[in-house]
1. DSSP beta bridges in the chain, what fraction antiparallel, as a percent rounded to 5?
2. Once the dipole of region 451-538 is set up with Lys and Arg at +1 and Asp and Glu at -1 on Cβ about the Cα centre, which of Ser485, Ala468, Ser517 lies farthest towards its positive end?
3. How large is the helix-only mean residue ellipticity at 222 nm for the chain, computed as the sum of -39500 (n - 2.57) over DSSP H runs with n ≥ 4, divided by its residue count, in deg cm²/dmol to the nearest 500?
4. Using θ = phi - 60° and the Karplus relation 6.51 cos²θ - 1.76 cosθ + 1.60, list the HN-Hα couplings for region 479-486 in order, rounded to whole Hz, with x at every Gly or Pro.
5. How tilted is helix 266-278 with respect to the longest principal axis of the chain? Cα atoms for both, answer in degrees (0 to 90, nearest 10).
6. How long is the gain from Thr61 to Thr304 if the chain were fully straight, where each residue apart is worth 0.36 nm and the alpha carbon distance is subtracted?
7. For Ser625 and Thr555, calculate 0.36 nm times their separation in residues minus their Cα-Cα distance, and state this gained length in nm to one decimal.
8. Thr377 accessible area, nearest 10 Å², 1.4 Å probe?
Amino acid sequence: MSLFHPSSPRRVFAAAAVGVALVASAATAASAAPGGGGSGSCTASGSAAPPKIVPAPASLTTGSGQFRLCDGARIVVDQHDGAGALQVANALAGYLRPATGFDLPVVNSQAHSGDISLALDLSSDPTGEGYKLTTTSSMVTLEAKTPHGLYNGVQTIRQLLPPWISSPTPQSVQWTMPAVQIADQPRYEYRGVMLDIARHYESPDAVKRLIDQAAAYKINTFHLHLSDDQGFRVVINGFPNLATVGGQGSVGTGGRTVDPGGFWTQAQFKDVVAYAAAHFMTLVPEVDTPGHNNAIVMSEYNDTANPLLNGHPQDINCTTKNPPQWNFTGDVGYSALCPESDNTWTILNAIVSQLAAMSSSKYYDLGGDEVPSTVLTQDRYAALVNKEGGIVNANGKTVMGWAEIAGEGTQLAPGSLAEYWNPASGSSSDTATAHEAVAKGMKLVMAPASHAYLDQKYAFGQNVNVPATLGLHWACNVGCDVDQSYNWDPDTYVDGIPAGSVIGVEGAMWAETVVNSSNIEYMVFPRLPALAELGWSPKADRSGTSSAAYKDFVTRLAAQGARWQAAGQNFYPTPEVPWRLDLAPGRPDVNHGEVSGSFATLAAPGMSTGAVTVTFDWGDGTTGSGILSGVAATDSTVNGLYDVVSDHTYAHHGSHDVTITTTAGSSTATVHVTVQS
Ligand code: TNX
């Protein structure tokens, strides 16, 4: 059976003028033709850019030549590989269709020249996430043992294509991929990103956006921090106040007139879990206990009419205030639920059982951080963690929590997961929680704040505050830029941790200062890709900015900037990264033989319009210049893509290749112009 569709009519960008018609398009796109059947007319000219993949594949060999994806190409998947492989094939088509404008039908058929084929025929893959990818001048072949492995390979395919592949609208570029052979698999099984939607509410759509962005870097775990002192963000049946009272505020609400809160319904929660699953990410819910929970206390301590409680829920309150009070500052360490209260357990049973039933990860995160002994003694803290751990296990989940859950007196099932957040490293006594965790048979996820807290400022110090309006700096007193995210090793960060104890890495996006997706993206990118590389790529000498690994990494990271700009994703264009210029041919206008307007789109991360010079070779023996226009950067937004604007009048009709070149020849684009009489 073939699901092959004839290729759609080729897009031609034409503008008619009286007496003269002019067609301008990318020179190469103008000759585009159906390629899936092996048509020779869609060929690659020039050479494809060398592969710049983040996270670096375990093994990559470059071949000669390049593959060109053409209209008429198909995505071939064997129906015997089942629904999982088909899902990934459809995901690949979904990634590639918007920018190419191609049909890219998903078919169950023999692969032809020009096709991309996916197959579950890799026999050995101990990780369940590995893949093998081969691109030649005629075909792209992706093999894996599991659908997740195929999906990881799909993310690599995206990065082998030009950056404009992430554009939501059709672009006139040659979709070439360098010939490569990649055999890849992850170093660690847990590669996470955490988002705090408690300090500031974020919608399901905002979370989906971050899932999309993180999936591109093979992140497989989304840790959702759902509750903290300032907000509780999901409906729990039987305890409506948790959402309606606990969800009202955010940090800095100042009487709830700004920074409004919000909460998700359970249907929305399930929808986000499904969305994550479609991106091969499991979702770990976290309701932080016994501290960081003023929102729970404020919702329930007065819930005397709730039939599930015993009429005097005031006894849940172990905060330092009686009666408890809202506190919408970023203060920590004053709130706690009382472990002796039956009401505490009625509430926690409902929370754990409902969230465990709705979420997809094998882990449930009970929090456990930052409860000073002045608020709860260690005995009472451990009593609460142990009892809640039992509830988590009874609901079929493994306990996860911040590394304090390994402290004195706690007893959690072996295999429970401690997230190490302390900046302390080496043999410092402040690394105790990591050792305690290992001694108790727990595993570690590494998120030392000075390397993995994505809410920390990039730069801080005298007269420096980047970004000016976002971020904290308690773990990074001079700032934590990309080099800090990259230059450390999860296995050896704390001395004396046995091999195999560290199962992964996580970047944590706390939300005291970030209020929307744009803010989140500015803090998360480009640091999360650095952490993703630590989680995925083989161990390397990541000892500092002069290491070969770091230098290679920032060059590969540089290639991501244009992808993010094309996708409309915000990021911090750090001066640590040698961002590249990338041009995509545009669609100039025509007026009686005069060609004018936008000839190209330029990605120039971190560069102002004045910083880039553009020259034009009009293809008729004359040269000229262009100007850039677009949205300038602010202290928390990257500059936009620039239009490269110019104009020229041709003396004669005919065909001309307009060549646009940026400063120092960093990037060129060719626009094919035909002036017809
Ligand atoms: C520490 S350490 C926190 C969060 C804050 C964050 C701000 C730990 C597990 N918790 O409550 O939001 O610092 O950077």
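The values are calculated or read from the model by the stated rules, or taken from the named source; none is laboratory data. The structure displayed is predicted, hence computed values, not measured ones. Positions of Cβ are backbone-derived with ideal geometry, glycine not excepted, and every protein chain shown enters the neighbour counts. Heads up: the accessible areas ignore ligands, DNA and RNA and are worked out on the full protein's heavy atoms, side chains in. Shrake-Rupley method; radii C 1.70, N 1.55, O 1.52, S 1.80 Å.
1. On the way: 69 of 114 bridges.
In the chain, DSSP labels about 60 percent of beta bridges as antiparallel.
2. Ala468
3. Values: 15 runs with 163 residues, N = 677.
Value at 222 nm, helices only: -7500 deg cm²/dmol.
4. Calculated HN-Hα couplings, in order: x, 10, 8, 3, 4, 5, 5, 8 Hz.
5. 50 degrees
6. Numbers: separation 243, 0.36 × 243 = 87.48 nm, distance 6.71 nm.
That works out to 80.8 nm of additional length.
7. Numbers: separation 70, 0.36 × 70 = 25.20 nm, distance 2.88 nm.
Separation in residues times 0.36 nm, less the Cα-Cα distance, equals 22.3 nm.
8. It works out to around 70 Å².
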